[in-house]
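I'd like to ask some things about the structure below.
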């Protein structure tokens, strides 16, 4: 079946650094990918829609300058958390689908980000 | 936007018991999926079920799209079934997947 690969699985870094998370669709072309954030014991909240070759669409309340999204190819989207602070510590998950009716979304395994 | 409500929020079962988890949604949907999130955070896709009934071993799911709800049945529960179960929907006419708050299940040995 379709697979979405997310890397890295875990990151621990100092406050003020920028962290890049990659999301790849391994066996299909994904014109659109999605980025989610999950705080402990909470649900997944959609952050943004990543569109290949154009700007990402951010959900209300998500800072686009804080969470930079690049979707340079049909198989790769990246999320960069810029100047990360402890409150950015969270679990980030991406998803991709074939963007057609009756096609499921496939999720990466997530990235656990810890900012010290 | 579309609202997704899951019940119950928490559930404790004795091993071997059966359970039913419910997902209500407020608008027409293209797609509905049930996931199990394991302790490492991985989302395990259980069912892709925009309508109808499916079964996979001890698990089965039914979605009644016209009445805007879906049910996940777990039979003969095992301790390894513990975790959080999420219902996620794609709104009709759009491709964003929106998650419910989840049901946190604990199965006691």
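No value in this document is a laboratory result; all are computed from the given coordinates. Treat the numbers as computed from the prediction; the structure is a model and nothing was measured. Cβ sites come from the backbone with ideal geometry, for glycine too, and all protein chains shown count toward neighbours.
Among B:11-20, B:35-44, A:69-78, what's the highest-first ranking by average C-beta atoms within 10 angstrom per residue?
Result, highest mean Cβ count within 10 Å first: A:69-78, B:35-44, B:11-20.
Taking each residue in B:14-27, count the Cβ atoms of any other chain within 10 Å of its Cβ, then average. What number comes out?
So the per-residue partner count for this stretch is 0.
Any idea what the alpha-carbon Rg over 2.2 N^0.38 Å comes to for the stretch A:13-65? Let's see the in-between values first.
Working: Rg = 13.1 Å, N = 53, 2.2 N^0.38 = 9.9 Å.
Taking the Cα Rg and dividing by 2.2 N^0.38 Å, one obtains 1.32.
Next up: Run through every distinct alpha carbon pair of the stretch A:57-102 and return the Kirkwood hydrodynamic radius in angstroms, one decimal place.
Evaluated on the stretch A:57-102, it is 12.7 Å.
Here is a further query. From the gyration tensor of the Cα coordinates in chain B, what semi-axes in whole Å does the equivalent ellipsoid have, largest first, with each one equal to sqrt(5λ)?
Rounded to whole Å, the semi-axes are 24, 14, 12.
Using Cβ contacts closer than 10 Å as the measure, can you line up B:89, A:81, A:3 from fewest to most?
Fewest-to-most ranking of B:89, A:81, A:3: A:3, A:81, B:89.
In terms of the ratio Rg/(2.2 N^0.38 Å) built on C-alpha atoms, what value belongs to chain A?
Cα-based Rg divided by the globular estimate yields 1.00.
Suppose R0 equals 30 Å; then what is the FRET efficiency for residue B:64 and residue A:29 from their Cβ-Cβ distance, rounded to the nearest 0.05?
0.35
Projected area of the stretch A:76-116, taken from the Cα convex hull and averaged over every viewing direction, in nm²?
Across all orientations, the stretch A:76-116 yields a mean hull projection of 3.7 nm².
I would also like to ask the following. Place a point 7 Å from the Cα of residue A:116 along the Cα-to-Cβ direction; which residues of the stretch A:75-98 have their backbone N under 14 Å from it?
Output list for this probe position: A:86.
Would you kindly compute the Cα radius of gyration of the protein assembly as shown and its largest Cα-Cα separation (Dmax), both in Å?
Gyration radius and largest Cα-Cα distance of the protein assembly as shown: 17.6, 51 Å.
Let me check against my output: what whole-number percent is the relative contact order of chain A, with C-alpha pairs under 8 Å and at least 6 apart? Don't skip to the end; give the middle numbers.
Working: 290 pairs, mean separation 42.0, N = 116.
That works out to 36 percent.
Among B:87, A:23, which comes first, then next, by fewest other beta-carbon atoms within 10 Å?
Result, fewest neighbours first: A:23, B:87.
Using the 10 angstrom Cβ neighbour count as an exposure proxy, how do A:64, B:96 rank, fewest first?
A:64, B:96
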